[in-house]
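Single-structure report; data block below.
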Amino acid sequence: MTASASRPPAPDAPAMEPVPLAVPEIRGNEWAYVRECLDTGWVSSAGAYVDRFEAAVAAAAGTRFAVATTSGTAALHTAMLVAGVERDDEVLVPALTFIAPANAVRYVGAWPLFVDAEPWFGQMDVGRAAEFLRGCAARDGVVRNPRTGRRIRALLPVHILGHPVDLDPLLEEARRLGLPVIEDATESLGASYRGRPVGHLGDLACFSFNGNKLVTTGGGGMLVTDDEAVARRARYLSTQAKDDAIEYVHGAVGYNYRLTNLQAAMGVAQLEQLAGFLAAKRRIAARYTEAVESIAGLQAMAEAPWATSAWWMYTIRVSEAAYGMDSRELMRCLAQRQIQTRPLWQPLNRSPAHADAPPAECPIAEEWNRTALSLPCSVGLAPEAQDRVIEALRSLGGGGRG
Ligand SMILES: *Cc1c(COP(=O)(O)O)cnc(C)c1O
């Protein structure tokens, strides 16, 4: 053992509690409802909680129908299937997002067409997408990409970080061309756009209840829509496409994507607390914004005038020149203080996983990837813990280090 490894910590080193990026908040009826499943034996994919969870999510999104799935990714895959996306079709996807929506496009053999972000909120640049669509030839209901000659089959905007995409210009173009709009609303349950809830803006939408999302079931997802035929088809495909459950007759190659009653029980309890969760997120965001605005070189997360953000992941931008270090160095310095932060995703046009997709220039997404840093923002983040994050951001900046 080396001398340095055996050296005891300095006697005056403060004991620091780690501040995690985002952890679930489990303080409601989760135990009671899950216990009820265990006590009654209703643990699997049939049971009253699945129905209740679907009804509650449909109510939150303002849609007529909801179909629970094992994950948000499974909901996205199912959405591709029910929207009729097929091999060698193309689907518009933002470059700046978690990889799942682009993967879902590939699951059905189609290709993602990556659209750059806009600079203000980091969302899909709908102006660019609409302009591209105006340049596509539409004949006999078929929209073709002039560059690849392939058929464009759907639009898959993603409301990232809890903030809605400025969707109206895209919806207008989609209606004109007869293209379905599938919202990836997995990060933005509870947000709204011009007074309309996210998840009820396009033709269908997907939510996620993964452990890092605002409402969690451990793992889970949901497809929501107003279209009864789409909902029926989604339920059919996500439950092994059974035509006759007794005789095991299946009318298609389906999937086992059904959420369990155990998970749904947790989801029902979590959704009961949605309003409180959203209020906590908004409070945490407001406090960060007030502090960050007074630190040179840091840019606060913004909310558009037409948006009500769910503030899922509070994300600042770091200007290396003005702040004195870049986002990655700041992440390492905060980690030394037991404060966990994360950069945003590698832009998907740069992803090795999607190297075969049509090439795209996405400078704004790349700029966000270089400069963005998400701060600890659990629903249960204590004011003292948030103070520690803010104090660290202040002291690490240009002034504090001089
Ligand atoms: C979390 C997430 C998903 C996938 O959800 P899972 O439930 O983890 O499969 C899809 N898209 C985006 C943008 C996400 O952030």
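The values are calculated or read from the model by the stated rules, or taken from the named source; none is laboratory data. This is a predicted model, so every value here is computed, not measured. Note that we place each Cβ from the backbone using ideal geometry, even for glycine, and neighbour counts take in every protein chain shown. Ligands, DNA and RNA are stripped out before the accessible areas are found, and what is left, the full protein with its side chains, is counted by its heavy atoms. Shrake-Rupley method; radii C 1.70, N 1.55, O 1.52, S 1.80 Å.
For the stretch 295-366, the relative contact order works out to 21 percent when only alpha carbon pairs closer than 8 Å and six or more residues apart are counted.
Modelled this way, with points 7 Å down the Cα-to-C-beta line, the labels at Gln240 and Arg332 are 5.2 nm from one another. The dipole here belongs to the stretch 173-246: it is taken about the Cα centre, uses +1 on the Cβ of Lys and Arg and -1 on the Cβ of Asp and Glu, and is about 120 debye.
Remark: the chain carries a charge dipole of roughly 360 debye about the Cα centre, counting +1 on each Lys and Arg Cβ and -1 on each Asp and Glu Cβ. Sequentially through the stretch 242-252, phi angles give Karplus couplings (6.51, -1.76, 1.60; θ = phi - 60°) of 7, 8, 9, 5, 6, 8, 6, 9, 10, x, 7 Hz, Gly and Pro residues having no value and appearing as x. Since only Ala129, Gly72, Leu348 are under comparison, the one whose Cα sits farthest along the positive direction of the charge dipole of the chain, derived from C-beta charges on Lys, Arg, Asp and Glu, is Leu348.
Among Val105, Val379, the order of accessible area from largest down is Val379, Val105, computed with a 1.4 Å probe on protein heavy atoms. Residues in the stretch 182-193 carry Karplus couplings, in order, of 10, 7, 8, 9, 4, 9, 9, 4, x, 7, 9, 10 Hz; the curve used is 6.51 cos²θ - 1.76 cosθ + 1.60 with θ = phi - 60°, and Gly or Pro positions show x. In a DSSP loop and with at most 14 other Cβ atoms within 10 Å, the GluC sites (Glu not before Pro) in the stretch 307-402 are Glu361. Give me the percent of accessible area attributable to carbon and sulfur for the chain, probe 1.4 angstrom. Ligands and nucleic acids excluded, carbon and sulfur give 51 percent.
Per-residue surface analysis assigns Phe98 an accessible area of about 100 Å², computed on protein heavy atoms at 1.4 Å probe radius. Amide H to amide H distances under 5 Å link Leu113 with Val91, Leu92, Val93, where only residues 5 or more positions off or on other chains count and H is placed in the peptide plane. A simple charge model with +1 on the Cβ of Lys and Arg, -1 on the Cβ of Asp and Glu and nothing else charged puts the dipole of the stretch 20-107 at about 120 debye relative to its Cα centre. Normalised by the number of residues in the chain, the mean separation of alpha-carbon contacts (under 8 Å, six or more apart) gives a relative contact order of 23 percent.
Per residue, the chain exposes an accessible area of 45 Å² to a 1.4 Å probe, with every protein chain left in place. Among Ser309, Ser395, the sequence by solvent-accessible area, most first, with a 1.4 Å probe is Ser395, Ser309. Ranking of Arg317, Arg196 by solvent-accessible surface, largest first: Arg196, Arg317 (1.4 Å probe, protein heavy atoms only, all chains present).
What's the local net charge at Val105, with K and R +1, D and E -1, over the other residues with C-beta under 9 Å away? Surrounding charge for Val105 is -1. The heavy atoms of Asp243 present about 90 square angstrom of accessible area, all protein chains included, probe 1.4 Å.
Would you mind classifying the stretch 270-365 by shape? Square roots of the alpha carbon gyration tensor eigenvalues, ordered a ≥ b ≥ c; an a/c under 1.5 is rounded, otherwise it is prolate if a/b is larger than b/c and oblate if not. It is oblate, given that a/c is not under 1.5 and a/b is not larger than b/c. Stokes-Einstein diffusion for the chain at 37 °C, viscosity 0.692 mPa s, with a Kirkwood radius from C-alpha pairs, works out to 147 µm²/s.
Between Ser351 and any residue 5 or more places off or on another chain, the built amide H atoms are never under 5 Å apart. Tyr255 contributes about 60 Å² of solvent-accessible surface, heavy atoms of the protein only, 1.4 Å probe.
Counting every pair of alpha carbons in the stretch 140-296, the share spaced more than 28 Å apart comes to 37 percent. Residue-wise HN-Hα couplings along the stretch 138-152, as the Karplus relation 6.51 cos²θ - 1.76 cosθ + 1.60 with θ = phi - 60° gives them from phi, are 10, 9, 6, x, 10, 9, 10, 6, x, 7, 10, x, 7, 7, 8 Hz; Gly and Pro carry x.
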